[in-house]
Amino acid sequence: MYKYFIVILILLAVWTFFIEPNILTITSFNVKNKDLKGLKVVFVGDFHVKPNQRKNLIKVVNKINDQHPDLILCTGDFVSGRKEKNTLPIEEISKELSKLKSKYGFYTVLGNHDWWQDGEKIGHELEKHGIIVLGNENKIININGKKLYIAGVEDLSTRYIDLGKALNKTSSPTILLTHSPDVFPFISKQENQELTKKVDLTLAGHTHGGQVRIPFVGPLIVPSDYGKKYANGLITENGKQMFVTKGIGTSILPVRFNCMPEIVVINFI
């Protein structure tokens, strides 16, 4: 009996450390919006590219391109850890991400890991390679004669969030990018509706879905002040919708269990 227990532990360790973190899944959902009908958005976050993961990043880029996105959106954390020695250099990450193909471009915000290292440098390198970085601001995309606003706020834990500035002069449809899902209560609160009524969809990351999810229990640890509430998936509050991605990479420990990395495909219908 003891031998079987040891074998199970070994198999579990192999799965959580070496197999599941490298299984890249596609999660799709539909959003009804007549102004954006037919638009396909690929949403990603939390790359956390470690020094030995260039091949994995190339695989991610190819997988995104295989979806033939019209627009690519991201919620940050391109690098891993607090120090540059813990990550693939942002110059190399940006170079690989520049190979992504989409009709309307690639828009992102930065995450806490990005700012822990050097947010200014990371933002500069991304923009040098054609990736538009948003910090308490918005951009307009013209889609078949319709305006789509992409707004982005700064990281909640390392910067100052200014929703008013981020949403200045926007109108519906607007997609809001935030690294942390803990911004969502500000969006969904009834008393903030005058400011946030123009936000049709919020996209967030940061939680990684918990990375380790126990069947019938859920994620063990979620880096959110709201516990498991915003761990991952599509969440609706007061008529507002947010999707939280489980992300692509890992943080703290390089493990995943019952929480596979994902690329999210959003189809507007």
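The values are calculated or read from the model by the stated rules, or taken from the named source; none is laboratory data. Only a predicted model underlies this, so the values are computations on that prediction, with no experimental measurement involved. When we count neighbours, we look across all protein chains shown, and the Cβ atoms used for this are built from the backbone with ideal geometry, even at glycine.
What are the residues in segment 23-58 that are farther than 22 Å from residue 105 by Cβ and basic (Lys, Arg), if any?
32, 34, 50, 54, 55
Surrounded by 11 or more Cβ atoms within 10 Å (Cβ to Cβ), without any contact (Cβ under 8 Å) to a residue 40 or more places away in the chain and over 16 Å from the mean Cα position of the chain (by Cα), is that true of residue 18?
Values: surrounded by 11 or more Cβ atoms within 10 Å (Cβ to Cβ): yes; without any contact (Cβ under 8 Å) to a residue 40 or more places away in the chain: yes; over 16 Å from the mean Cα position of the chain (by Cα): yes.
Yes; evaluated as a whole, the condition is true for this residue.
Please work out if residue 140 is buried (at least 19 other Cβ atoms within 10 Å of the Cβ), at pLDDT 95 or above and assigned to a strand (DSSP E or B).
Against the criterion (buried (at least 19 other Cβ atoms within 10 Å of the Cβ), at pLDDT 95 or above and assigned to a strand (DSSP E or B)), residue 140 does not qualify.
Does residue 139 satisfy the criteria of being among the basic types (Lys, Arg) and either under 20 Å from residue 244 (Cα atoms) or without any contact (Cβ under 8 Å) to a residue 60 or more places away in the chain (or both)?
Values: among the basic types (Lys, Arg): yes; either under 20 Å from residue 244 (Cα atoms) or without any contact (Cβ under 8 Å) to a residue 60 or more places away in the chain (or both): yes.
When the stated conditions are applied, residue 139 passes them.
Please enumerate the residues belonging to segment 225-249 that are assigned to a loop (DSSP other than H, G, I, E, B) and buried (at least 20 other Cβ atoms within 10 Å of the Cβ).
231, 232, 245, 246, 247, 248, 249
May I ask you to say which residue of 91, 194 is over 16 Å from residue 206 (Cα atoms), modelled with pLDDT under 95, surrounded by fewer than 23 Cβ atoms within 10 Å (Cβ to Cβ) and more than 17 Å from the chain's Cα centre (by Cα)?
194
Results for (1) without any contact (Cβ under 8 Å) to a residue 12 or more places away in the chain; (2) touching a Leu at 6+ places or on another chain (Cβ under 7 Å); (3) among the hydrophobic types (A, V, I, L, M, F, W, C); (4) closer than 14 Å to residue 204 by Cβ, shown as yes or no for each residue.
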position	(1), (2), (3), (4)
117	no, no, no, no
124	yes, no, no, no
132	no, no, yes, no
148	no, yes, yes, no
